[in-house]
Every structure is written in structure tokens, then in C-alpha cells.
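The values are calculated or read from the model by the stated rules, or taken from the named source; none is laboratory data. Quick caveat: nothing in here was measured; it's all calculated off a predicted structure. Backbone-built Cβ (ideal geometry, glycine too); neighbour counts: all protein chains shown. To get the accessible areas, we keep the full protein, side chains included, count just its heavy atoms, and leave off ligands, DNA and RNA. Shrake-Rupley method; radii C 1.70, N 1.55, O 1.52, S 1.80 Å.
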Amino acid sequence: MEETQKKSKATLWSVLVLVLAAVTFGAFKLTKDDANTPADTNSANNTTPNEETPVTETDTYMYKDGSYSAVGTYTSPAGPEEVAVTISLKDDVITNATVISKASNEVSVKLQGMFIGGFKALVVGKSIEDVVLDKVAGSSLTPKGWNDAVIKIQTQAKIQS
């Protein structure tokens, strides 16, 4: 049993060394656009097999730049509530955000006001993919309305592929 384990470990190490060597010496070269690149590009760009064509990385974004608005909903102990959310995007990053309280219940108005006073520092400068909020400035339900609106805004701003 022990000898079998030693052979398995030795085989595993051998495979690992071979893969690392292949990657190190360029046997595998992957870029973002490999799926869209023809297998033989040498004839198309007049290079010889020994010349390397420089790879340029281009950023790809999931969302269109612009300003988007949606109404987020959630349920408070007093019943359904809403917040109006507007988000400005540049390169998938939130550059500005506003929330307008649409609450009808006195307690919800207060809690939405607390949220509005503290949420911006948590979202501006962050990717729209990373702004799921759970509790802000003592408000734990208003973030549910924010999250609902963000999902709607992501749908509006999504770049169709």
C-alpha cells in the first residue's frame, strides 16, 4: 500500500513538473480572445513560426456606461415599501448613486433616511457586481430595496453579446 502511494505521489509530481515546464516555456499561451482566434494565424499576419505576435489586452465590460434608474421594493413590518434608485456607471463601476425614499410608514421613512445618509460611501467607486448591501446605518430592510433596484438596473445596462 505504501509503495503504491509513493508511486502515485511520484506520478503526480512528474505531471505537475511537466505542466509547469510547458507553461513556463510557452507550450500553452492563453488570452481572453483565444476562443475567437483562428488556430493558424501565421499566414494571416505574415509572421514566421518563431516570431511572437504581441498580445494586447482589451478591457471588456458587462454594462453600458450611463445613468440608470429603477424602483426597488421590499416588505417592512408595516407592509410593502419602495426606494427609487439611480446609478451612474462608467466601465462597470458606480460613479454616482442616489436613493429617494418612497416610504409611506413613519418608521420606514426614518429608516430609509438613515440608509440614504450612509449608503453612498459603500457603493461609489465599486463594481456594480459588488454592491449587495445587507445593513446600512442601522437599516436592515431598506438595503433589500436597494438590492432589488440594482438587479433591475443590471438588467437594463447589460451589454447584449
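Tabulated data for the structure shown
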| item | result |
| --- | --- |
| Residues (touching a residue at least 40 places away in the same chain (Cβ under 8 Å), open to solvent by 50 Å² or more (accessible area, probe 1.4 Å) and in a helix (DSSP H, G or I)) located in the stretch 122-150 | Glu129, Lys144 |
| Selection count where residues are more than 23 Å from the chain's Cα centre (by Cα) and either modelled with pLDDT under 95 or not charged (D, E, K, R) (or both), scope the stretch 56-82 | 7 |
| Single residue of the stretch 79-121 satisfying the filter (of a type in the set (Asp, Glu) and not in a strand (DSSP E or B)) that is surrounded by the most Cβ atoms within 10 Å (Cβ to Cβ) | Asp92 |
